[in-house]
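Undergrad: Dumping the structure here so I can ask a few things about it.
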Amino acid sequence: MATRGAINAEFTRKLPKIELHAHLSGSISRKCLHEIWEQKKATTPSLELEDPFSAIPPGKVDYDLKTFFPLFSSYIYKLCSDLSSIRYSTNSVLNDFQSDGVAYLELRTTPRTYPEHNISKDIYIRTVLSSITSHNENLNNQMHTNLILSIDRCNTLPEAEEVVDLAVKYQSKGVVGVDLCGNPFKGEIRIFGPAFARAKESGLKLTLHFAEIPLSATDDELDTMLNWKPDRLGHVIHVNQEIRERVTRQKIGVELCLSCNVHAKMITGSYQNHHFGWWMHSGVGVVLGTDDVGVFCSPLSQEYYLAATHFNLTLSQLKKLCEEAVEIIFGGLEEKERLRALYRQWDGWVVREI
């Protein structure tokens, strides 16, 4: 097997990758947002939203958790608030991930309602799924995508139950799981137990944003979430040895987002201090994710390059990382076998002598 010198930016761009931690709204590029803004400004000159290139300046990635969430509520959700912009942005996100060499994508979104445009949560999910289905059915596209519906930490239990209702309703159309997300400074997550239990009973998988900040990493909160029997956990930052051992014992997959954690200062230090270094040797499935590539501007190929560079990964280790990610996707057996075959047959693992 080749040396780590073979792992450069070109290699990780060509590498078939699995993305399991990507939020739809956070994955919309500034360019796409600007195009939507231009279209709206042309038809509605009185549009009060400023140009995305001013609201979210190109190159700005230093959003911490206190400035990150308002970016969505005060801008992105307001701009992408009608069927046309929802379709346009979803298609753009799918094309961006495919262009970056992603072979399998699990995209997540919180069901939204836009009464001013007669858009219910059901219509919103159907619109997103329609774009995903069209993309999957296009034989020229090599990337397969499934959808995860998110319960926000600030939701009430009835709102959480509504998310599960939609997930169950569209399970046969490409919804494969339910997520817990949202501002980790807010919300009482214990109320969601019945909703997640029903999701599991319905055959849906669970992924949870887990221990993002010390405030959301109390023993009670983490114990509550682990008792829901999640299939994967996202971020997994502020965990003690006991919780790490419990996660490994339960064989729960972990979704790790290097650039997001560094830029948002969710960890102490930089890339070389990231907890990926521990989890990659833990024995559980580990997958790298972008989280919000539209905000932090690091595509998945860059995340793989950063991991390889800062943790001195060999080609063998990188191949193992990819192959183990297959086993924690929420897609079915057919999709897993497609990806296993893809990694077995990919000729990029062979380094040719010149």
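The values are calculated or read from the model by the stated rules, or taken from the named source; none is laboratory data. Here the structure is a predicted model, which means the values were calculated and not measured. Positions of Cβ are backbone-derived with ideal geometry, glycine not excepted, and every protein chain shown enters the neighbour counts.
Undergrad: May I ask you to verify whether Pro214 is touching a helix residue (DSSP H, G or I) at 6+ places or on another chain (Cβ under 8 Å), surrounded by fewer than 14 Cβ atoms within 10 Å (Cβ to Cβ), farther than 15 Å from Arg153 by Cβ and not charged (D, E, K, R)? Spell out how you get there, then give the answer.
TA: Numbers: touching a helix residue (DSSP H, G or I) at 6+ places or on another chain (Cβ under 8 Å): no; surrounded by fewer than 14 Cβ atoms within 10 Å (Cβ to Cβ): yes; farther than 15 Å from Arg153 by Cβ: yes; not charged (D, E, K, R): yes.
Considered against the rule, which asks whether it is touching a helix residue (DSSP H, G or I) at 6+ places or on another chain (Cβ under 8 Å), surrounded by fewer than 14 Cβ atoms within 10 Å (Cβ to Cβ), farther than 15 Å from Arg153 by Cβ and not charged (D, E, K, R), Pro214 comes out as no.
Undergrad: Quick one: is His238 closer than 20 Å to Leu147 by Cβ, touching a residue at least 12 places away in the same chain (Cβ under 8 Å) and either part of a loop (DSSP other than H, G, I, E, B) or not hydroxyl-bearing (Ser, Thr, Tyr) (or both)? It would help to see each step written out before you state the result.
TA: Values: closer than 20 Å to Leu147 by Cβ: no; touching a residue at least 12 places away in the same chain (Cβ under 8 Å): yes; either part of a loop (DSSP other than H, G, I, E, B) or not hydroxyl-bearing (Ser, Thr, Tyr) (or both): yes.
Criteria not met by His238.
Undergrad: Still on this structure, I have one more. What number of residues within region 57-83 satisfy the criterion of being in a helix (DSSP H, G or I), in contact with a helix residue (DSSP H, G or I) (Cβ under 8 Å, 6 or more places away or on another chain) and surrounded by 15 or more Cβ atoms within 10 Å (Cβ to Cβ)?
TA: Residues flagged as in a helix (DSSP H, G or I), in contact with a helix residue (DSSP H, G or I) (Cβ under 8 Å, 6 or more places away or on another chain) and surrounded by 15 or more Cβ atoms within 10 Å (Cβ to Cβ) within region 57-83 amount to 7.
Undergrad: Can you confirm whether Arg13 is touching a strand residue (DSSP E or B) at 6+ places or on another chain (Cβ under 8 Å), of a type outside the set (A, V, I, L, M, F, W, C) and either closer than 30 Å to Asp231 by Cβ or surrounded by 22 or more Cβ atoms within 10 Å (Cβ to Cβ) (or both)?
TA: Values: touching a strand residue (DSSP E or B) at 6+ places or on another chain (Cβ under 8 Å): no; of a type outside the set (A, V, I, L, M, F, W, C): yes; either closer than 30 Å to Asp231 by Cβ or surrounded by 22 or more Cβ atoms within 10 Å (Cβ to Cβ) (or both): yes.
When the stated conditions are applied, Arg13 does not pass them.
Undergrad: Which is more than 30 Å from Leu33 (Cα to Cα) and surrounded by 14 or more Cβ atoms within 10 Å (Cβ to Cβ), of Gln302, Gln272, Gln317, Gln345?
TA: Gln317
Undergrad: Considering region 280-297 alone, what residues qualify as being surrounded by 19 or more Cβ atoms within 10 Å (Cβ to Cβ) and more than 13 Å from the chain's Cα centre (by Cα)? Can you show your working first?
TA: To start, the set of residues in region 280-297 that are surrounded by 19 or more Cβ atoms within 10 Å (Cβ to Cβ) comprises 280, 284-296.
Correct list: Met280, Val284, Gly285, Val286.
Undergrad: Still on this structure, I have one more. Is there a residue being more than 22 Å from Lys14 (Cβ to Cβ) and in contact with a strand residue (DSSP E or B) (Cβ under 8 Å, 6 or more places away or on another chain) anywhere in region 302-309?
TA: At the first step, the residues of region 302-309 found to be more than 22 Å from Lys14 (Cβ to Cβ) are none.
There is no residue in region 302-309 that is more than 22 Å from Lys14 (Cβ to Cβ) and in contact with a strand residue (DSSP E or B) (Cβ under 8 Å, 6 or more places away or on another chain).
Undergrad: Tell me which residues, restricted to region 125-169, are part of a helix (DSSP H, G or I) and polar (S, T, N, Q).
TA: Correct list: Thr127, Ser130, Ser131, Thr133, Ser134, Asn136.
Undergrad: Still on this structure: Within region 115-123, identify whether any single residue is surrounded by 14 or more Cβ atoms within 10 Å (Cβ to Cβ), under 16 Å from Ile28 (Cβ atoms) and either in contact with a His (Cβ under 6 Å, 6 or more places away or on another chain) or free of Cβ contacts under 8 Å to residues at least 40 places away in the same chain (or both), and answer yes or no.
TA: no
Undergrad: Can you give me the number of residues within region 170-187 that are in a strand (DSSP E or B) and modelled with pLDDT under 95?
TA: The number of residues fulfilling the criteria is 0.
Undergrad: Can you tell me which of Ala195, Ala199 is within 28 Å of Ser172 (Cβ to Cβ), more than 18 Å from the chain's Cα centre (by Cα) and in contact (Cβ under 8 Å) with a residue 40 or more places away in the chain? Write out each step before concluding.
TA: Values: Ala199 fails: in contact (Cβ under 8 Å) with a residue 40 or more places away in the chain.
Going through Ala195, Ala199 in turn, just one is within 28 Å of Ser172 (Cβ to Cβ), more than 18 Å from the chain's Cα centre (by Cα) and in contact (Cβ under 8 Å) with a residue 40 or more places away in the chain: Ala195.
This table checks each residue for (1) under 29 Å from Gly59 (Cβ atoms); (2) in contact with a helix residue (DSSP H, G or I) (Cβ under 8 Å, 6 or more places away or on another chain).
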site	(1), (2)
His281	no, no
Val286	no, yes
Asp292	yes, yes
Glu303	yes, yes
Leu306	yes, yes
Glu324	no, no
Phe330	no, no
Trp346	no, no
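Undergrad: How many residues are closer than 18 Å to Leu233 by Cβ and not charged (D, E, K, R) if we restrict to region 265-302?
TA: Here the count works out to 19.
Undergrad: For region 236-269, which positions are small (Gly, Ala, Ser) and surrounded by 19 or more Cβ atoms within 10 Å (Cβ to Cβ)?
TA: Scanning region 236-269 gives Gly253, Ser259, Ala264.
Undergrad: Looking at region 25-44, is at least one residue of a type in the set (A, V, I, L, M), surrounded by fewer than 18 Cβ atoms within 10 Å (Cβ to Cβ) and part of a loop (DSSP other than H, G, I, E, B)?
TA: Checking region 25-44: not a single residue is of a type in the set (A, V, I, L, M), surrounded by fewer than 18 Cβ atoms within 10 Å (Cβ to Cβ) and part of a loop (DSSP other than H, G, I, E, B).
Undergrad: Counting only residues that are of a type in the set (A, V, I, L, M) and touching a Ser or Thr at 6+ places or on another chain (Cβ under 7 Å), which one in region 243-294 is farthest from Cys322 (Cα to Cα)?
TA: Within region 243-294, the match that is farthest from Cys322 (Cα to Cα) is Val262.
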